[in-house]
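Q: Got a structure here, written out as structure tokens. Questions coming.
The values are calculated or read from the model by the stated rules, or taken from the named source; none is laboratory data. Please read these numbers as outputs of a predicted model, since none were measured by experiment. A quick note on method: Cβ atoms are made from the backbone with ideal geometry, for glycine too, and the neighbour counts reach across all protein chains shown. Ligands, DNA and RNA are excluded from the accessible area calculation, which covers all protein heavy atoms including side chains. Shrake-Rupley method; radii C 1.70, N 1.55, O 1.52, S 1.80 Å.
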Amino acid sequence: MEIKTVTYQCPNCNAALEYDNSLGKFRCFYCDGVFEERDIKNLFRDNEQMALDENEAKLSAEQTQDEEFAQQSALYSCPNCGAGVICDSLTASTRCHFCHTPVILSGRLSGDFKPDVIIPFSTTREQAESGFNKYIKGKFLLPKGFKENAKINSVSALYVPYWLKSGIFDAEMTAEGKKVTSWSSGSTRYVKTKVYNVERGMGLTFIRVPCDGSRRIDDSLMESIEPFNYSGLKPFSMSYLSGCAAEKYDVPKQEAAQRIDERVRQASEQLLRECAKEYGSLENVRIRVAPRRQTYVYALLPVWFLNYTYNGKDYAFAMNGQTGTMFGQLPVSGLKKFLFGAGIFLIPGAILMLAKLLGVIANAF
């Protein structure tokens with residue numbers, strides 16, 4: 001099936017428009033025209049709706065979902081040069097591989113796959129690259145010459161699909177709490193242990209707990225660049241995707257809910273344990289978290305991905321496209337790791353030997 005595409009042209013020269021992260025406005029890189037967000041959205045609102053209506057008219061929402069998941073690739077025609085380009089079945093926004101025009105595959109964002117909200121990029125490619133250089137600075141365990149020999153393969157701005165869950169929960173904990181006291185009398189040492197039945201409960205409100213909706217993106221990598229500032233959420237508009245890549249979700253809401261519920265349970269347990277910190281230890285801990293009310297929002301959130309190669313091995317680095325929070329995989333020097341580990345054991349011994357030596361010297365005087 002050929003997919004209906006949308007692109008945004010400059011009102012002045014008809015070249016492709018892109019969303020400029022640093023300006024927070026739309027910009028034509030051909031004539032250098034700059035346009036307010038509301039003007040572009042108003043100008044192209046009809047085009048967006050026509051593209052969505054045309055795609056939804058071809059297939060029912062259920063047929064569309066079944067077909068798109070079944071196929072491993074899809075063909076689209078670039079509205080600028082007419083080239084036919086193959087992309088995978090999850091891509092929602094990309095560039096023409098021939099003329100580099102930003103192209104949005106509107107059919108991928110209709111029906112159940114239409115996002116509710118989006119956070120636009122507020123950081124630039126230059127900030128992502130400089131962020132990577134700052135991130136590796138001062139990392140003691142990096143191999144010698146890493147900065148000079150690491151080769152950056154690609155830097156890409158991607159809107160990652162996310163499920164955001166909000167809700168009110170009842171959290172309860174039961175456990176055995178122990179308080180231990182000890183004292184000495186003469187040469188005898190006594191230990192007294194008191195055991196208590198501990199019960200704690202509270203009502204908790206969680207707002208927009210995230211889970212990324214893409215299977216091919218590492219969950220731990222995405223969680224490491226949280227949190228996003230949700231005050232930057234905007235109603236979804238395809239115009240924000242111009243010039244950036246975007247994916248639709250392939251993790252359904254019900255599956256994402258399991259991961260979110262586990263994060264809610266872990267946070268609830270931490271809060272409940274803090275309410276029982278007067279006990280020296282807690283054993284046989286049982287936690288129950290039950291939702292009273294919950295809602296879901298489908299969002300596209302901005303992430304910079306930087307892929308680089310060192311000694312023939314690929315590494316991934318990500319930066320939050322809104323806040324600038326960074327995290328990535330780094331190689332470790334085996335020699336430095338050994339020396340660092342050895343130092344942990346040798347330094348205390350050296351300090352002890354020095355203390356004994358000073359004691360001997362002091363006794364000599």
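Q: What list of ³J(HN,Hα) couplings, whole Hz, do you get for segment 247-260 from phi and the Karplus terms 6.51, -1.76, 1.60, once you set θ to phi - 60° and write x for glycine and proline?
A: Taking θ as phi minus 60°, the curve returns 10, 8, 6, 10, 9, x, 4, 5, 6, 5, 4, 5, 5, 5 Hz for segment 247-260.
Q: Residues with amide H under 5 Å of Ala276's amide H, sequence separation 5 or more or different chain, H placed in the peptide plane at 1.01 Å from N; which?
A: Distant-sequence amide H within range of Ala276: zero hits.
Q: What accessible surface, in Å², does a 1.4 Å probe find on Arg189, ignoring ligands, DNA and RNA and rounding to the nearest 10?
A: Counting only protein heavy atoms, Arg189 exposes about 150 Å² to solvent.
Q: Please list, ordered by chain and number, the residues whose modelled amide H lies under 5 Å from the amide H of Val160; skip anything fewer than 5 residues away on the same chain.
A: Here Leu301, Val303 satisfy the definition.
Q: In sequence order, what are the phi-derived ³J(HN,Hα) couplings for segment 296-303 according to the Karplus relation 6.51 cos²θ - 1.76 cosθ + 1.60 with θ = phi - 60°, rounded to whole Hz, with x for glycine and proline?
A: For segment 296-303, the Karplus-derived couplings read 10, 10, 9, 10, 10, 10, x, 9 Hz, x marking Gly and Pro.
Q: When the dipole is taken about the Cα centre of segment 135-190, and only Lys, Arg (+1) and Asp, Glu (-1) are charged at their Cβ, what size is it in debye, to the nearest 20?
A: Dipole about the Cα centre, nearest 20: 480 debye.
Q: Using unit Cβ charges (K, R positive; D, E negative) and no other charged atoms, how large, in debye to the nearest 20, is the dipole of segment 177-252 about its Cα centre?
A: For this selection, approximately 760 debye.
Q: What are the ³J(HN,Hα) values, in whole Hz, obtained from phi via the Karplus relation 6.51 cos²θ - 1.76 cosθ + 1.60 with θ = phi - 60°, for each residue of segment 224-234 in sequence order, with x given for Gly and Pro?
A: Coupling constants for segment 224-234: 6, 9, 6, x, 8, 8, 6, 5, x, 5, 10 Hz.
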